[in-house]
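Undergrad: Mind looking over this structure? Questions follow.
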Amino acid sequence: MKVLVTGGAGYIGSHAVRELRDSGHDVTILDDLSAGHRAAVPAGVTLVEGDLGDADALSRALAGADAVLHFAGLLSVGQSVKDPASYYHVNVSKGLALLNAMRAHGVGRIVFSSTCAVYGVPVRVPMDEEHPKDPINPYGASKLTFERVLLDYSRAGWLRAVALRYFNAAGCHPDGSLGEHHDPEEHVIPLAIDAVLGRRPGLTIYGEDYETPDGTCIRDYIHVQELARAHVLALAAVDRNEACQAYNLGTGTGYSVRQVIDAVGRVAGQPVPAQVGPRRPGDPPQLVAAPAKAKQRLGFETTMGLDAIVDSAFRWRRDHPAGYGRRG
Ligand SMILES: NC(=O)c1ccc[n+]([C@@H]2O[C@H](COP(=O)([O-])OP(=O)(O)OC[C@H]3O[C@@H](n4cnc5c(N)ncnc54)[C@H](O)[C@@H]3O)[C@@H](O)[C@H]2O)c1
């Protein structure tokens, strides 16, 4: 298949690009490099450098495409609370521009990067796809809104869609050539690694008074390469989908921030310096996937646990102190 990957120069998108190519697909990337890295684009893959909302860039990127993997977007929970307008603009309005351009070009398949943030505060754990969706931050709400658009477009017969609700991605490509470089970095595993490597004063734990066994937030961490593999499976499943199907992508096991800190300490061979700060607005106490639907319908299963994920993330961060270097 010829696949357009929006946001393919970013963290998860670049791993998916590699996985698609390794599975024999022909890939084009549309990315404005606002948060992505040219160095993450493999030789031989066309990069259309442009904005998701730019009709001309979309037209060039979609030429001849059979399907789209849509990663491009904004993803900071904290930023979304401060600036909801940007989140709806990029994650919804510009997403609509993509869908309308797909219609105009006769491209009828899309796999969308959604998030566990669509669920809000869990009423049961682990969370399956039918769990109530009541996002507590604009980021999650913008992603849920776009899922609804996909459902309506697919019911109208305009496209076939899969929404993949990722839990927390971490780790690097097994060959060490791709990894996580967000700026600013907000994810706990890379921050804890930087703290133990002495590259930041220490890790701030946002809240120790949640209703969890050790008081810190619990998340479900999934290795980025396994996540990338799920996209290739989802692409194959799009055609046999009814309407828009959503799948959780997680391992089914949750770890607290304290447990993550301990895992980073084990891999580094020394404790992570950490201090407790106030809660961060928009953070649910725990998010853990029930991964059964992805296993049954996509044939997707994870194999890597927290220590393997942290080990992979540690290698990339230790060996790439400046990530990919300056953006662009
Ligand atoms: N990282 C996670 O743990 C996680 C968890 C759940 C969901 N997600 C979702 O996965 C997707 C990818 O996340 P990531 O961690 O790889 O983020 P990332 O910031 O590394 O990648 C996003 C990419 O999109 C590009 N982009 C952003 N706005 C654009 C625009 N208007 N036009 C063109 N390109 C644009 C950026 O330059 C970047 O390369 C996002 O949609 C995010 O919401 C990520």
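Only the coordinates and a few stated rules stand behind these numbers; no lab work does. Just so you know, these numbers come straight off a predicted model, no measurement behind them. Glycine gets a Cβ as well: all are built from the backbone with ideal geometry, and neighbour counts include every protein chain shown.
Undergrad: Cross-chain or 8 or more residues apart, Cα under 24 Å: how many lysine pairs in the chain fit that? Count them up, please.
TA: Step by step, the pairs that qualify in the chain add up to 11.
Undergrad: Toward the positive end of the charge dipole of segment 201-256, about the Cα centre and with charges on Cβ (Lys, Arg +1; Asp, Glu -1), which of ALA246, LEU233, TYR221 goes farthest?
TA: LEU233
Undergrad: Given the chain, what percent of its DSSP beta bridges are antiparallel, to the nearest 5? If you can, show how the numbers build up before the last one.
TA: Details: 2 of 41 bridges.
In the chain, approximately 5 percent of DSSP beta bridges are antiparallel ones.
Undergrad: Give me the dipole magnitude in Debye, nearest 20, for the chain about the Cα centre, with unit charges on the beta carbon: positive for Lys and Arg, negative for Asp and Glu.
TA: 300
Undergrad: Under unit Cβ charges (Lys, Arg +1; Asp, Glu -1), what dipole magnitude, rounded to 20 debye, does segment 83-170 have relative to its Cα centre?
TA: On the way: 10 positive and 7 negative charges, 61 e Å.
Charge dipole of segment 83-170: 300 debye, to the nearest 20.
Undergrad: Assign one of three labels to segment 28-169, namely rounded, prolate or oblate, based on the Cα gyration tensor with a ≥ b ≥ c the square roots of its eigenvalues; rounded applies when a/c is under 1.5, prolate when it is not and a/b is larger than b/c, and oblate otherwise.
TA: prolate
Undergrad: Follow-up. Pull out a ≥ b ≥ c, the square roots of the eigenvalues of the alpha-carbon gyration tensor of segment 1-69, then state rounded if a/c is under 1.5, prolate if not and a/b is larger than b/c, and oblate in the remaining case.
TA: Oblate shape, in that a/c is at least 1.5 and b/c is the bigger or equal ratio.
Undergrad: Right, here's the next one. Pick from ALA313, ALA141, ALA236: which is most flexible by mean-square fluctuation in a GNM of the chain where alpha carbon atoms under 10 Å apart are linked?
TA: Answer for the Gaussian network model of the chain: ALA236.
Undergrad: Something else: Determine one quarter of the surface area of the Cα convex hull of segment 159-280, which equals its mean projected area, and express it in nm² to one decimal.
TA: Numbers: hull surface 38.8 nm².
Reported value for the Cα convex hull: 9.7 nm².
Undergrad: Across bins of 10 angstrom width beginning at 0, how are the C-alpha pair distances of the chain distributed, in whole percent?
TA: The distribution over the chain is 6, 27, 37, 23, 6, 0, given as percents.
Undergrad: Taking a ≥ b ≥ c as the square roots of the eigenvalues of the Cα gyration tensor of segment 250-306, is the shape rounded (a/c under 1.5), prolate (a/b larger than b/c) or oblate?
TA: oblate
Undergrad: Of GLY36, GLY157, GLY50, which has the largest mean-square fluctuation in a 10 Å C-alpha GNM of the chain?
TA: GLY157
Undergrad: Using a cut-off of under 17 Å, list every residue of segment 132-152 whose amide N is near the label point 7 Å from the Cα of HIS89 along the Cα-to-beta-carbon line.
TA: 138-139, 142-143
Undergrad: As an exercise, take the mean of 1/r over every pair of distinct alpha carbons in segment 120-173, invert it, and state the Kirkwood radius in angstroms.
TA: Details: mean 1/r = 0.0766 Å⁻¹.
That comes to 13.0 Å for segment 120-173.
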